[in-house]
Amino acid sequence: DFLLLLQKTLVGLFSAAAAAILISKLRGKRLNLPPGPFALPLVGSWLQIGNNLDHHDFTNYAKKFGQLFLLRMGQRNIAVISSTELAKEVLLTRGKEFGSRSRNIVFDIFTGKGQDMVFAEYGDHWRKMRRIVSVPFFTNRVVQQYRREWEAEVAKVVEEVRRNPAAAEEGVVLRRRLELMVYNNVYKMMFDKRFESEEDPLFVKLKSVNGERSKLGQSLEYNFGDFVPILRPFLRGYLKTCREVMRRRLNLYKDSFIHQKKSVVATRNGMVEKNIDLKCGIDHFLEAQKNGEINEDNVLFIVENMNVAAIETTVWALEWAIAELINNPKIQAKLRTEIDTILGPKNQVTEPDTHKLPYLEAVIKETLRLRMIVPCLVPHMNLHQANLGGYDIPAECRIYVNAWWLANNPAHWERPEEFRPERFLEEESNVQVNGNNIKYIPFGVGRRNCPGMLIAMPVLGITLGSLVQNFELLPPPGQSKIDMTENNGQFATRMLNHATIVLKPRYV
Ligand code: HEM
């Protein structure tokens with residue numbers, strides 16, 4: 001800490017000295033930049049603002065500087081959008097112009113500088129990747145093909161919890177089991193593979209490398225080295241760890257999943273496989289590689305993306321939703337009554353059932369509103385200098401749309417701080433998760449929106465529906481509420497503490 005302070009002071013002094021020259025240089029460009037906090041050359045506003053920036057900080061700055069403000073953080077320009085009008089412009093009407101992604105130094109490592117899909121620049125590569133991934137993942141046909149597997153995975157969770165006496169007494173950290181379930185949902189689609197238990201050695205390894213990557217990527221602590229290149233030497237160790245984790249992770253995907261699959265495909269081809277319905281994700285990706293559309297690294301990075309985008313997000317959403325249901329017992333009871341009434345007791349919730357359960361859908365929507373998992377979307381970027389809201393946006397500016405604030409701004413919502421699913425059946429009954437109203441975009445909207453919405457919604461519905469149907473969800477003994485403290489990272493809002501929860505079976 002002392003080193004960092006010393007370093008900040010030296011940089012501050014150095015910057016002040018360099019200020020005159022650089023300010024005059026900037027003035028020379030005559031850009032009409034959006035308002036924002038005072039910025040020094042070289043370090044920008046980093047000395048005042050520091051490393052920790054989240055959607056709440058952005059909301060406070062918006063109150064001070066307006067709906068479009070600019071943070072100049074060393075080499076990075078960060079524009080933050082806090083109005084529905086400007087969000088619409090950036091994501092929809094001018095979605096192409098603002099449709100690239102800004103990566104930080106750590107994500108440069110994890111994505112091989114955008115060889116993946118999620119962090120790829122807007123253009124041919126991204127379009128191709130999105131098309132290739134869509135066939136085995138993002139269609140209604142795929143949902144119908146896999147929904148029985150997802151239902152079976154939840155049924156297994158219910159069965160195991162019911163058999164575990166601790167669940168009904170001192171409680172369990174249900175998140176761990178749900179994580180296995182979501183891995184199984186996604187690995188089934190990607191590799192036609194499932195893991196038997198949380199102790200499965202391959203699952204343990206996988207969870208460990210993905211967890212390390214998540215921690216390294218989400219941390220806000222490395223921001224200084226991303227913002228201020230001359231401080232990057234202080235991050236050498238961190239970046240080295242990132243590269244090592246990335247190597248171990250990609251090797252695990254390659255050795256334990258992709259290569260095995262390749263040999264299966266080879267055998268199958270030998271027997272002239274005709275039933276294309278049996279193809280899973282990796283078959284499609286390898287075929288695209290064989291056709292020369294993408295290379296081997298691209299295949300690896302698709303697998304990389306899915307391990308994060310598809311799995312972590314869904315697990316976090318489940319964790320928040322369950323905590324809200326426990327902390328709002330009346331809402332939980334109302335949901336249970338809806339399920340019992342509409343499906344009849346003990347008829348297990350299926351994907352088609354979720355469309356008949358409006359309160360269940362409202363609970364999920366309300367969770368994604370109040371606890372927006374990706375509160376400022378995945379950062380967008382303009383490749384070229386642009387004009388927005390009357391201001392100049394420098395080329396390659398990182399653009400955050402504060403979607404959390406759009407969904408929690410009292411100007412647009414009644415008592416937004418309350419967890420009240422009813423709003424989506426009453427005054428907001430026209431608001432869907434697909435972004436039909438820009439004030440509510442938990443999955444983004446436009447060209448770079450979340451294609452996984454199609455999978456996430458049914459999985460959340462089946463899982464939460466089944467849990468509430470089969471158990472009373474309660475806080476652990478001696479505790480009246482689940483701790484909802486947030487842990488905000490580069491992209492996501494997670495729960496700081498994985499809750500222990502009690503699940504009392506309703507049926508024996
Ligand atoms: C992108 C949210 C689940 C795959 C995104 C974005 C958001 C988001 C906000 C960025 C949108 C933008 O930048 O404009 C969520 C939430 C989820 C979820 C809240 C669960 C509750 C999933 C699942 C998958 C997935 C299950 C895959 C099966 C992706 C991909 C992208 C993405 C591939 C990048 C799209 C692109 O850059 O073109 N997600 N997501 N997500 N999501 Fe999701």
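For the reader, a short list of remarks on this structure follows.
- For first residues located in the stretch 125-144 and open to solvent by less than 20 Å² (accessible area, probe 1.4 Å), partners that are more than 9 Å from the ligand (Cβ to nearest atom) and of a type in the set (G, A, S) and lie 6+ apart or on another chain with Cβ distances below 7 Å form the pairs I132/A288; P136/G281; F137/G281.
- Which listed residue is touching a helix residue (DSSP H, G or I) at 6+ places or on another chain (Cβ under 7 Å), open to solvent by less than 30 Å² (accessible area, probe 1.4 Å), within 12 Å of the ligand (Cβ to nearest atom) and of a type outside the set (D, E), from L464, L454, L473: L464
Listed here are the residues, each with its yes/no results for (1) among the charged types (D, E, K, R); (2) open to solvent by 20 Å² or more (accessible area, probe 1.4 Å); (3) more than 30 Å from V349 (Cα to Cα).
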{"position": "E153", "(1), (2), (3)": "yes, no, no"}
{"position": "N164", "(1), (2), (3)": "no, yes, no"}
{"position": "D200", "(1), (2), (3)": "yes, yes, no"}
{"position": "L216", "(1), (2), (3)": "no, yes, yes"}
{"position": "N223", "(1), (2), (3)": "no, no, yes"}
{"position": "D226", "(1), (2), (3)": "yes, no, yes"}
{"position": "R236", "(1), (2), (3)": "yes, yes, yes"}
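- Here E361 clears all of (1) of a type in the set (D, E, K, R); (2) in contact with a strand residue (DSSP E or B) (Cβ under 9 Å, 6 or more places away or on another chain); (3) farther than 17 Å from Q67 by Cα except the condition numbered (2).
- Residues located in the stretch 292-312, provided they are without any contact (Cβ under 8 Å) to a residue 12 or more places away in the chain and part of a helix (DSSP H, G or I): E296
- Residue check for E199: at pLDDT 95 or above, assigned to a loop (DSSP other than H, G, I, E, B) and not hydroxyl-bearing (S, T, Y): yes
- Summed over the stretch 88-104, residues that are under 12 Å from A395 (Cα atoms) and away from the ligand (no atom under 13 Å from the Cβ) total 1.
- Selection over the stretch 434-448 of residues that are surrounded by fewer than 17 Cβ atoms within 10 Å (Cβ to Cβ) and within 9 Å of the ligand (Cβ to nearest atom) gives a count of 1.
- Of all residues assigned to the stretch 408-417, none qualifies as being under 24 Å from A309 (Cβ atoms) and within 12 Å of the ligand (Cβ to nearest atom).
- Among residues of the stretch 50-70, those that are aliphatic (A, V, I, L, M) and either surrounded by fewer than 16 Cβ atoms within 10 Å (Cβ to Cβ) or farther than 10 Å from G36 by Cβ (or both), counted: 2
- Condition check for N387: surrounded by fewer than 24 Cβ atoms within 10 Å (Cβ to Cβ), among the polar types (S, T, N, Q) and either more than 10 Å from the ligand (Cβ to nearest atom) or over 28 Å from L92 (Cα atoms) (or both): yes
- The stretch 157-189, residues that are part of a helix (DSSP H, G or I) and either farther than 30 Å from D283 by Cα or at pLDDT below 95 (or both): V158, E159, E160, V161, R162, R163, P165, A166, A167, A168, L174, R175
- Inclusion of V431 among residues that are more than 15 Å from the ligand (Cβ to nearest atom), of a type in the set (A, V, I, L, M, F, W, C) and within 30 Å of H380 (Cα to Cα) is warranted.
The values are calculated or read from the model by the stated rules, or taken from the named source; none is laboratory data. Quantities reported herein were computed from a predicted structural model and do not represent experimental measurements. Please note: Cβ atoms are built from the backbone with ideal geometry, for glycine as well, and neighbour counts cover all protein chains shown. The area values use the complete protein model at the heavy-atom level, side chains included, leaving out ligands, DNA and RNA. Shrake-Rupley method; radii C 1.70, N 1.55, O 1.52, S 1.80 Å.
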